Amino acid sequence: MTRVVHYINQFFAGLGGEDTATVPPASKEGAVGPGRKLAQLLGDDYEIVATVWCGDDHAAGPEVMDDLLALVRAAEPDVVVTGPAFTSGRYGLACARVAAAVAAEGIAVVACMHPDNPGIDEAGTAPVVASGEVARQMGPSLETLAAAVRKVAAGESLTADDGRVGKIPRRNVTVDQTSAERAVALVLARLGGDREATEVPLPRFDQVTPAQPVADVTTALIALVTEGALVPDANPDSLESARATRWLRYSLDGRDVLPAGEFRSVHGGFSTVWANEDPHRIVPLDVARQLEGEGAIGTLHGEYLVTAGNGTSVGNARRFGVEWAADLRRQGVQAALLTAT
């Protein structure tokens, strides 16, 4: 009997929606929610021995992975399954991180989410198979996932034929046609109207629907966030000037201004001379404090969030957005002013 542990979020655990997004990690014996259907699809040779869950906001926070891994280890799984997360950013981020952490422990694992999920790159080399976009596609998504679980449990590698997406390891294959012949075949396919034929799939970029305006900005908690790489002068946390892999936070408590000489931009994509002469060109704390004093906004959040947008990968940028949103939601922030370069 193959022992399976299933990771899901608070919604699919039946605990509620956004009102329970901060619940801490927990587990229960047996299958829960979509795990019941997954157990049926896996068959009698597999048993979901435990379901582990965590609220989406809590899962995006620091130091949660140790608690989740402890719950997974306690169930002694042969294989771990996370998702399906569909296109849900925070849920996808958690599923991917759990998968990566479990894979690092040497335990077989497979995650399931839509190829456009912003968390997908966090899985690293842990296998991810495609789900549908939304939960109403749960049925076919679980069928893909169950088939992948059986292969992974048997020690087999997943390929694109199994629905694998994300970072798929490259492998060499021998083909009958030369590169010139393949190039001509692709040109003929395009001339024949096939717009999808390619040997090098290009990335697809999302269209993000803007949030609705804040109902009453005079009572709202407002945050300042930036990709302009403004940090304390010594750059104590070594934020990258290009191709950032992380973001940072710095306190604004007790500050009405950001003086030149105390803060500087380490952004590598533009001349930072004017920004360093007046750091408010990147993080407009002076004007924000003025608006706060006039009652034009409610309260200014006590920290600003910062990264460098210079050459940052789409995957990391998506992840930053998900993490920023989760972090600000936990703090009760209702709106954010993003300054870009």
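Condition check: assigned by TED's automatic domain parsing to the domain that holds Asp67, in a helix (DSSP H, G or I), crowded, with 18+ Cβ neighbours inside 10 Å and not acidic (Asp, Glu). Does Val109 satisfy that? Judged against the criteria, Val109 is not a match.
Under the condition of being crowded, with 24+ Cβ neighbours inside 10 Å and of a type in the set (D, E, K, R), the residues counted in the stretch 64-89 number 0. Looking only at the stretch 259-292, filter to residues that are hydrophobic (A, V, I, L, M, F, W, C) and either under 12 Å from Gly228 (Cβ atoms) or touching a Gly at 6+ places or on another chain (Cβ under 7 Å) (or both); which one of those is surrounded by the fewest Cβ atoms within 10 Å (Cβ to Cβ)? Going through the qualifying residues, I end up with Trp274. When we screen Arg97, Arg90 for residues that are more than 21 Å from Arg171 (Cβ to Cβ), in contact with a Leu (Cβ under 9 Å, 6 or more places away or on another chain) and basic (Lys, Arg), the only hit is Arg97. Summed over the stretch 34-48, residues that are aliphatic (A, V, I, L, M), surrounded by fewer than 22 Cβ atoms within 10 Å (Cβ to Cβ) and in contact (Cβ under 8 Å) with a residue 60 or more places away in the chain total 1. Assess whether Ala31 counts as being touching a Phe, Trp or Tyr at 6+ places or on another chain (Cβ under 7 Å), in a loop (DSSP other than H, G, I, E, B) and either touching a residue at least 40 places away in the same chain (Cβ under 8 Å) or among the small types (Gly, Ala, Ser) (or both). Answer is no for this residue. Pairing each residue of the stretch 82-98 that is at positive phi with any residue that is assigned to a loop (DSSP other than H, G, I, E, B) and at pLDDT below 90, provided the two are 6+ apart or on different chains, yields C-beta distances under 8 Å for Phe86/Asn117; Phe86/Glu133; Phe86/Val134. Pairs are defined by a Cβ separation below 8 Å, a sequence spacing of at least 6 or placement on different chains, a first member in the stretch 292-320 that is under 13 Å from Asp121 (Cα atoms) and without any contact (Cβ under 8 Å) to a residue 60 or more places away in the chain, and a second member that is in a loop (DSSP other than H, G, I, E, B) and not aromatic (Phe, Trp, Tyr); the pairs so defined are Ala317/Gly309.
Would you point out the residue of the stretch 296-327, among those that are in a loop (DSSP other than H, G, I, E, B) and not hydrophobic (A, V, I, L, M, F, W, C), that is nearest to the chain's Cα centre (by Cα)?
Residues of the stretch 296-327 that are in a loop (DSSP other than H, G, I, E, B), as a first pass: 296-298, 307, 309-313.
Adding the requirement that they be not hydrophobic (A, V, I, L, M, F, W, C) leaves 298, 307, 309-313.
Working: Gly298: 30, Thr307: 16, Gly309: 17, Asn310: 19, Gly311: 18, Thr312: 14, Ser313: 13 Å.
For the stretch 296-327, the residue satisfying everything is Ser313.
For the stretch 54-106, the set of residues classified as of a type in the set (Asp, Glu), in contact with a strand residue (DSSP E or B) (Cβ under 7 Å, 6 or more places away or on another chain) and outside any helix (DSSP H, G or I) consists of Glu76, Asp78, listed by residue number.
For the stretch 183-242, taking the residues that are hydrophobic (A, V, I, L, M, F, W, C) and at pLDDT below 90, the one that is farthest from His280 (Cα to Cα) is identified as Ala197. All conditions but one from (1) assigned to a helix (DSSP H, G or I); (2) under 21 Å from Ile8 (Cβ atoms); (3) of a type in the set (Gly, Ala, Ser) apply to Ala180; the one that does not is (2). The single condition among (1) over 16 Å from the mean Cα position of the chain (by Cα); (2) part of a helix (DSSP H, G or I) that Val49 does not meet is (2).
From the list Val322, Val306, Val283, the lone residue that is more than 22 Å from Val214 (Cα to Cα) and not assigned by TED's automatic domain parsing to the domain that holds Glu122 is Val306. The single residue among Ala185, Ala229, Ala180 that is outside the structural domain of Gly35 (by TED's automatic domain parsing) and under 30 Å from Leu258 (Cα atoms) turns out to be Ala229.
The values are calculated or read from the model by the stated rules, or taken from the named source; none is laboratory data. A quick note: this is a predicted structure, and the numbers were derived from the prediction, not measured. When we count neighbours, we look across all protein chains shown, and the Cβ atoms used for this are built from the backbone with ideal geometry, even at glycine.
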